[in-house]
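As structure tokens, the structure follows; a few thoughts come after it.
The values are calculated or read from the model by the stated rules, or taken from the named source; none is laboratory data. Fair warning: this is a prediction, and the values are worked out from it, not measured in the lab. Cβ placement follows ideal geometry from the backbone for every residue including glycine, while neighbour counts extend to all protein chains displayed. We work out accessible area using only protein heavy atoms, side chains counted, and drop any ligands, DNA or RNA first. Shrake-Rupley method; radii C 1.70, N 1.55, O 1.52, S 1.80 Å.
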Amino acid sequence: MMEIDSIRENIDNKLASIKNLDELTRIKAELLGRKGLFSQLIEKIKQLSKDEKRIYGQNINTLKDYTENRLKAIKDKLEDKQREMEERASWIDITMPGKVPLVGKIHPITKVISEITEIFVSLGFSVAEGPDIELDYYNFEALNIPSDHPARDLQDTFYIKEGVVLRTHTSPVEIRVMESQLPPVRIISPGAVYRCDSDISHTPMFHQVEGLMVDKGIRFSDLKGILTIFIHEMFGEDTAVRFRPSYFPFTEPSAEVDICCVICGGKGCRVCKETGWLEILGSGMTHPQVFRNVGYDPEEVTGFAFGLGVERIAMLKYGIDDIRQFYYNDLRFISQF
Ligand code: DAH
């Protein structure tokens, strides 16, 4: 009996030391395995007398049942604990705010081009495009720009090779459109243009929107009407507009269009150079020679054209004083608009 008590105590100590399922497996083998404690105890029965065998056998069996039950209880408890830990580890807090994906924004120049386009589309214009790499013929000659014109100078124009340039304005699209269709024409053409120039108000690449309207009986008053509507849509109904005589080789007569300075309201400031007016586009009645160059009869049709600088309009609209900001691609700047 003494021996049985101390065996039980020994077993209890072992069971109490079990902390996880691996240890349980190991101790279960130590106690109940083929070469484990109980096998050894049962082995001893042979050495006992018949009476002793009965009592000893009974005690061992009771102890074995006890051990098996305890092991089963410990196993259940450890498995519960493990399941609980797994559940806790995979728990998701569905009340947490989601991860916000980084979404891109539209570049301010693209935005202004869309805005300009929408206004002219609402007036019945459609959008035409031309190549950035352009023939000298379309960029200059067909537009009546003489070969000794200063714009042809190597210092202003990027030459790809003899007779091929990066277009210096969007006006060549006028020629391409008129060559490919008969009047009436009512198009605008937004796009990039290039000039060998770089400072606070010039970048080597910038954007223009060209416009052209040709039909029987188009008059200077149509030019004034359409451009005034555009300016009022773009800068507000109350913006004062001024048409000032000017000169372009491809229009006659020509006019530059000014708006009342949006910065100082016309009082005079640094931006409008104290004049109270800001020049925002060039325009005019298409020159008869330009019509002849594309096979239109200037006795039959008349038209007007205009060209505006997108960056300039964007700068005035958003109060930006350095054109280069548009092209540094600093997200802190370009994501503001
Ligand atoms: N192409 C001219 C430039 O880049 C702008 C311009 C002026 C376009 C008058 C026109 C126009 O269509 O009629 O400076």
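Computed extension gain for Lys216 through Lys317, at 0.36 nm per residue and net of the alpha carbon distance, reaches 32.8 nm. Summed over qualifying helices (DSSP H, 4 residues or more, each -39500 (n - 2.57)) and divided by its residue number, the chain shows a 222 nm mean residue ellipticity of -13000 deg cm²/dmol.
For the residue pairs Lys105/Lys161; Lys99/Lys317; Lys44/Lys75; Lys19/Lys99; Lys46/Lys72, the alpha carbons lie more than 32 Å apart in Lys105/Lys161; Lys99/Lys317; Lys19/Lys99. With R₀ fixed at 30 Å, the C-beta to C-beta distance from Glu79 to Arg34 puts the FRET efficiency at about 0.75. Remark on the chain: Cys196, Cys260 stand apart, with no other cysteine beta carbon under 4.7 Å.
Taking R0 as 25 Å, what FRET efficiency do you get between Ile42 and Asn69 from their Cβ-Cβ distance, rounded to the nearest 0.05?
On the way: r = 18 Å, r/R0 = 0.74.
Calculated value: 0.85.
Using a probe of 1.4 angstrom and keeping all protein chains present, the accessible surface of the stretch 123-192 works out to 48 square angstrom per residue.
Which one of Ile92, Tyr56, Leu223 has its Cα pushed farthest toward the positive end of the charge dipole of the chain, where Lys and Arg give +1 and Asp and Glu give -1 at the Cβ? My answer, from the dipole projection, is Tyr56.
What percent do you get for the relative contact order of the chain when only Cα pairs under 8 Å and 6+ apart count? Please list the in-between numbers first.
Numbers: 465 pairs, mean separation 48.7, N = 337.
This gives 14 percent for the chain.
Placing dummy labels 7 Å off each Cα toward the beta-carbon, the span from Thr62 to His149 is 11.9 nm. For Gln289, project a label point 7 Å along Cα to C-beta. Then give me every residue of the stretch 133-170 with its amide nitrogen under 18 Å of that point. Only 136-153 fall inside the zone, counting backbone N under 18 Å.
Please give the net charge around Thr275, taking every other residue with its beta carbon less than 15 angstrom from that of Thr275, where Lys and Arg add +1 and Asp and Glu add -1.
Working: positive: Arg242, Arg244, Lys267, Arg270, Lys273; negative: Glu256, Asp258, Glu274, Glu279.
Residues close to Thr275 contribute a combined charge of +1.
Report the one residue of Ile45, Tyr159, His202 whose Cα lies farthest in the direction of the positive end of the charge dipole of the chain (charges on C-beta: Lys and Arg +1, Asp and Glu -1; origin at the Cα centre). Value: Ile45.
When the chain is treated as a Gaussian network with alpha carbon springs shorter than 10 Å, the biggest mean-square fluctuation among Gln325, Gln40, Gln208 belongs to Gln40. Enclosing the Cα atoms of the stretch 2-89 in their convex hull gives a volume equal to 77 cubic angstrom per residue.
Could you give the length gained by full extension between Lys267 and Lys19, i.e. 0.36 nm per residue of separation minus their alpha carbon distance, to one decimal place? Please report the intermediate quantities before stating the final value.
Values: separation 248, 0.36 × 248 = 89.28 nm, distance 8.66 nm.
Between Lys267 and Lys19, full extension yields an extra 80.6 nm.
Protein heavy-atom surface of the chain, 1.4 angstrom probe: 53% of the accessible area is carbon and sulfur, with nucleic acids and ligands not counted.
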